[in-house]
Amino acid sequence: MAPEGSASARDPSTEGGPPFSRVVLIFNPAAGKTPAMAAERMRLALRTRVPDLPVRLEPTAYAGHARILSRAALDQGRGTPLLISVSGDGGYSDVVNGVMENGGRAVCAVVGAGNANDHRRSTRTEPLVDAIERGQVRRIDLLRISVGEGGGQWTRWAHSYIGFGLTPRMAIGIERGVKGRFSELVSVARVLRTLAPIEIIRENGSYATLDSLLLANITGVAKYGKIASASEPDDGKFEVLVLPHAAKWRIALMALRAVTIGLDPQESVQRFSFMSSRTIPIQVDGEVLKLQAGQQVVVESIPLSLTTLG
């Protein structure tokens, strides 16, 4: 663990000071050289541009460790921390969930160093170092998914999207295959051939058989997909992309359109709920989980719940 550095950084409660008192760079050292090198580059850049701001490197040791490191960072040091996940969407999801589980008392950001980087690509407004130097933060919405009821209920926060059906299957196929645009599209084609539909039951009792259900707070998903959208990640709503069960060639055509010109504008809602008739995978940002048959699912937009920058 690298030392935090100078203790002379301005406290965010001081008039004219930044909205954060220190920076914690969280990265996975086992995910190849890219995250570690990107974290070190960010540390050096901040030392040059904002020399009075303490910066600490926090490598993760196992899956889910970033959530624990994020929660711990909230209780270490004075003031509000800026937690930067040097990762893809899954690593950033861990950081966001760790923060939200402890009251959301941090500024969060991401340096894209993973396979997809959907969130950074869709929400980027300026270079992250510039934003940190200016100290100008903004707030965006998060999606909150609650699964089950009573003591067995579990909750996750999503910074970008939640997918059922095609989306998690694509994520599993890409992860197992060879990386690279052409190879990954081949992996997706293989997934399409074996895709099984999902059946959901809405609150009004209606049934729907779907190949894909995607709830998105950003316009770029699954690395190459694009959603045409008039909404923004801070408008209190999310997009609902529903793909009814159809012939495989229709799914392939939709996937091709998604990676080229983009999909048509979608319905924007504040809340979406249903129940699955069978056990299916869920993709919450970059994390693939499992939804058991018969569990109630409620997805809500929580307006302006995440403080971020860059």
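Of 111, 107, 96, all but one fail to be under 19 Å from residue 289 (Cα atoms), at pLDDT 80 or above and of a type in the set (A, V, I, L, M); the exception is 96. Taken as a whole, the structure places residue 293 among residues that are surrounded by fewer than 17 Cβ atoms within 10 Å (Cβ to Cβ), hydrophobic (A, V, I, L, M, F, W, C) and at pLDDT 85 or above. Taken together, the residues in the range 72-102 that are surrounded by 17 or more Cβ atoms within 10 Å (Cβ to Cβ) and either within 17 Å of the chain's Cα centre (by Cα) or aliphatic (A, V, I, L, M) (or both) amount to 21. Considering the range 15-64, the residues that are over 23 Å from the mean Cα position of the chain (by Cα) and polar (S, T, N, Q) include one that is farthest from residue 77 (Cα to Cα), namely 48.
Give the range 41-72 a look and list any residue that's in a helix (DSSP H, G or I) and under 16 Å from residue 132 (Cβ atoms), or say none. Once the filter is applied, which keeps residues that are in a helix (DSSP H, G or I) and under 16 Å from residue 132 (Cβ atoms), the range 41-72 yields 41, 42, 43, 44, 45, 46, 47, 48, 49. Tell me, yes or no, whether the range 218-230 has at least one residue that is at pLDDT 85 or above, within 21 Å of residue 158 (Cα to Cα) and either outside the structural domain of residue 95 (by TED's automatic domain parsing) or not aliphatic (A, V, I, L, M) (or both). No; the residues of the range 218-230 include none that is at pLDDT 85 or above, within 21 Å of residue 158 (Cα to Cα) and either outside the structural domain of residue 95 (by TED's automatic domain parsing) or not aliphatic (A, V, I, L, M) (or both).
Restricting attention to the range 270-288 and to residues that are in contact with a Gly (Cβ under 8 Å, 6 or more places away or on another chain) and in a loop (DSSP other than H, G, I, E, B), the residue that is modelled with the lowest pLDDT turns out to be 286.
I'm checking my understanding of the structure. Among residues of the range 289-304 that are assigned to a loop (DSSP other than H, G, I, E, B) and not aliphatic (A, V, I, L, M), which one is farthest from the chain's Cα centre (by Cα)? Steps first, answer last, please.
In the first step, residues of the range 289-304 are kept if they are assigned to a loop (DSSP other than H, G, I, E, B); the result is 292-295.
Okay, now just the ones that are also not aliphatic (A, V, I, L, M), so 292, 294-295.
Working: 292: 22, 294: 26, 295: 23 Å.
By that ranking, first place goes to 294.
In the range 145-202, which residue that is exposed (fewer than 12 other Cβ atoms within 10 Å of the Cβ), under 29 Å from residue 301 (Cα atoms) and not aliphatic (A, V, I, L, M) is modelled with the highest pLDDT? The residue in question is 154.
The values are calculated or read from the model by the stated rules, or taken from the named source; none is laboratory data. Note that the structure is predicted; figures quoted are calculated from it, not measured. Using ideal geometry, Cβ is built from the backbone for each residue, glycine included, and neighbour counts are taken over all protein chains shown.
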